[in-house]
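Remarks on the structure that follows.
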Amino acid sequence: MKKLLFSIFSLILLTNLTLFAQPKQDEPLMGPRHGGIKKQLKLTAEQEKKFDDFVYQHKQEAIDIRAKIQKNRLELEKMVNGNTIDEKKLFQLTDDNSTLQGNLKNSAVKSWLEIYKILNDDQKVIWSKHILQMGNFQAMREKMKGRMQGQGNNSMMKRGPNKMNRSF
């Protein structure tokens with residue numbers, strides 16, 4: 001009976017860990033590519049400083065949030081490895097990580113809006129198109145990830161990097 005209970009909780013834990021092992025949702029908004037968008041926007045010196053400050057602030061928040069998520073994952077791992085599963089603690093850590101993931105996404109949106117507020121009307125059009133393109137990139141990446149996982153780990157190696165399934 002204990003083995004069955006342990007197996008069930010391990011399955012719940014592994015399911016939750018895979019849910020939290022998602023790509024970084026905030027990176028398309030504030031990732032290393034923001035240098036190109038800054039050139040497209042033709043920011044003034046003042047706007048560029050504010051832009052960089054918002055990006056920095058978001059990255060700092062993202063690091064803190066990800067650290068908390070990692071600590072929770074470590075605690076979950078310790079619980080499972082130590083065979084001392086506390087059901088209440090398991091659900092609490094899972095709920096905490098869900099909240100933290102939401103906070104991470106909210107931080108990215110907040111940064112997007114702060115940048116949007118410092119732009120003139122022409123720049124806002126460029127920024128909005130950039131964000132929409134990055135959102136489409138994110139959706140496409142998710143579809144590809146799902147397809148690749150469904151085909152097995154070696155499927156890309158068999159077809160080669162330039163022969164990926166493009167029927168999405």
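Starting from the range 66-82, take each residue that is under 22 Å from Ala108 (Cα atoms) and list its partners that are surrounded by 13 or more Cβ atoms within 10 Å (Cβ to Cβ) and among the acidic types (Asp, Glu), counting only C-beta distances under 6 angstrom and pairs at least six apart or across chains.
That search, which allows pairs on different chains as well, returns Asn72/Asp96.
Scan the range 105-130 for residues that are open to solvent by less than 30 Å² (accessible area, probe 1.4 Å), of a type outside the set (S, T, N, Q) and over 12 Å from Ala62 (Cβ atoms) and jot them down.
Ile115, Leu119, Trp127, His130
Inside the range 65-89, can you point out the residues that are open to solvent by less than 90 Å² (accessible area, probe 1.4 Å) and part of a helix (DSSP H, G or I)?
Selection gives Ile65, Arg66, Ala67, Ile69, Asn72, Arg73, Glu75, Leu76, Met79, Val80, Lys89.
Give Gly146, Gly102 a once-over and let me know the one that is open to solvent by less than 50 Å² (accessible area, probe 1.4 Å), modelled with pLDDT under 90 and of a type in the set (Gly, Ala, Ser).
Criteria check complete, one pass: Gly146.
Scan the range 90-99 for residues that are polar (S, T, N, Q) and open to solvent by 70 Å² or more (accessible area, probe 1.4 Å) and jot them down.
First, the residues of the range 90-99 that are polar (S, T, N, Q): 92, 94, 97-99.
Within the range 90-99, Gln92, Thr99 meet the criteria.
Among the numbered criteria (1) assigned to a helix (DSSP H, G or I); (2) modelled with pLDDT of 85 or more; (3) open to solvent by less than 80 Å² (accessible area, probe 1.4 Å), which single criterion is violated by Gln138?
Failed condition: (2).
The values are calculated or read from the model by the stated rules, or taken from the named source; none is laboratory data. Not measured: the values here are computed from a predicted model. Neighbour counts are summed over all protein chains in view; Cβ atoms, including those assigned to glycine, are modelled from backbone coordinates with ideal geometry. Accessible surface areas use protein heavy atoms only, side chains included; no ligands, DNA or RNA. Shrake-Rupley method; radii C 1.70, N 1.55, O 1.52, S 1.80 Å.
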